[in-house]
Amino acid sequence: MKMPPMKRLPSRRTILRGAGVALTLPFLESLGPRPLRAQAVDVPRRFLPIYLPNGAPDLWLPSGVGSGDAWQLSSLLEPFGAALKPKVTVVTNLENGSVFNPDGSPQITSPHGRLGGAWLTCVDAAAVRTKLGLDEANGISVDQVLAQQQSAKTPLASLQVGLSTPFGNCDGEPCSSSRSVSWASATQPTYKLVDPFDVFNQIMGVAKQPDPTGAEAIEAQKRLARNKSVLDGVLQNAQRTRARLGADDQKTMDGFLDSVRAVEQRVVGLSSGMGGAACSLPSADDLPRVQQSATGPRQSSSVAPVYSKGAHADAMNDLIALAFECDVTRVISYMLEDERSEFTYDEVQERAFSADTSAPKGGACPEYHASQHAGGDVFATITWWNVGKVADLCRKLDGIKEANGATVLDNCVVFLGACMHGGDHLGDRLPVALVGGANLGLKNDQHLVLDQRPLRDLYFTFLNDVYGVNVNDFGQNLTGAPPTRIAELLKG
């Protein structure tokens, strides 16, 4: 896979530094060097794959095929709403069975572990393990191809986040196949950060890697103990920077710093309640600790009594939006849960679904994986709830203006998808929704129904036509079919 050489482009970003913090400000016109103002603004090409575990019910499918008024959101996709529909594309009939079967069959043994591991790699991890003689291996994932290509442009090459708290069953495969969708190399899974305080510290430049014994992490704990904010460490720098701004940019900066403080307060409270990194020193707490690593004993599907999945998702949405607004990274992978999630969604009220509407039904939702097997309204409700949190995030991104006049969402491909169809555990008819990317060349507002196409064709199209990486191949296809672009996804 050949990639073009990188060069660092001029930046309009300002970094406030102090006390172990490096806070990158959003775009501020007043701070752009005059020669730079005359140049074409570099389009920040962002990628946000969001992993939906356990597939989705058939209610996912929209009504109608085509563009504009020819199609409508289904009841499961209804949370995107009329305002976001013009920026949504639903792609039907993508498959990943050809990664495993020479005849392209969608039937896969150990589907949760094997299909989950292939979601962003389009590689059979078992074959790679056999070839390398290792217990844990996979192919490089598409997000990491992009991260390596764009690494010189941002402080962090990529970020991996998730909501999983108890570990789910790994379905007989190495747990790296179902607890990480992102692989930097054949032997390097990049596990997600679940603790929102860890994510916040990475965005703030406190710790490039989550090391609880590192100097930066200890400094963060001391700051917590003193009830100090990251903003306290950069206050003087911020005041000097603000004095250089025009009136409009001063308002932008003030609003941004207020939002940083609000996010910080939220994530500190959540992390403490989850037994995470924001527990006071020494880190002794009776609450169950959030499980971050790939190994260790499984918890039950319940977590601390104070834990709220909704609050966790809202905080992660804020953090993702903050990372993109500050251009800390342009590649974030987001796992809504581990594959074969066994989380109990008892804070979500079950709904009754038809093809295009839903309404409250009463009663709490049960455990996720059991709901996938049961089907019906409980499985649909959990899927609908997760789609709603993704829609909330997309609205946030669409409300942030960029230097080129577009929104963050216009400059980002949000890829919401699952590794399997649904309760049948098959590797075809994969649920796929793309949001945003209009400024990157994606055609929006359509339900695109393909003849059966490999999932790797989607990534091949992204890499070549959206992000300009210029690859000749990606993943594998045991049927022998070469990778081909999905031209219908692109503007003419």
Mind listing the phi-derived Karplus ³J(HN,Hα) values for the range 91-100, rounded to whole Hz, using 6.51, -1.76 and 1.60 with θ = phi - 60°, and x for any glycine or proline? 10, 10, 5, 7, 9, 10, x, 5, 5, 10
How much FRET efficiency would the formula 1/(1 + (r/R0)^6) give for residue 135 and residue 487, where r is the Cβ-Cβ distance and R0 is 51 Å, rounded to 0.05? 0.80
Among 415-427, 252-264, how do they line up by average Cβ neighbours within 10 Å per residue, starting with the highest? 415-427, 252-264
Distant alpha-carbon pairs in the range 97-166 (separation over 17 angstrom), percent: 56 percent
Considering only the other residues whose Cβ falls under 10 Å of the Cβ of residue 381, what net charge follows from Lys and Arg at +1 and Asp and Glu at -1? 0
If Lys and Arg each add +1 and Asp and Glu each add -1, what is the summed charge of the other residues whose beta carbon sits under 15 Å from the beta carbon of residue 452? -3
Over the range 59-147, with neighbouring protein chains present, the accessible area per residue in Å² at probe 1.4 Å is 34 Å²
Spherically averaged projected area of the range 399-463 from its Cα convex hull (nm²): 5.5 nm²
Would you work out the charge dipole size for the range 362-492 about its Cα centre, treating the Cβ of every Lys and Arg as +1 and the Cβ of every Asp and Glu as -1, and quote it to the nearest 20 debye? 240 debye
What trypsin sites (Lys or Arg not before Pro) in the range 383-432 are in a loop by DSSP, with at most 16 other Cβ atoms within 10 Å of the Cβ? none
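The values are calculated or read from the model by the stated rules, or taken from the named source; none is laboratory data. Just so it is clear, the model here is predicted, and its values are computed rather than measured. Positions of Cβ are generated from backbone atoms using ideal geometry, with glycine treated the same way; all protein chains shown enter the neighbour counts. Note: areas computed on protein heavy atoms with side chains; ligands, DNA, RNA excluded. Shrake-Rupley method; radii C 1.70, N 1.55, O 1.52, S 1.80 Å.
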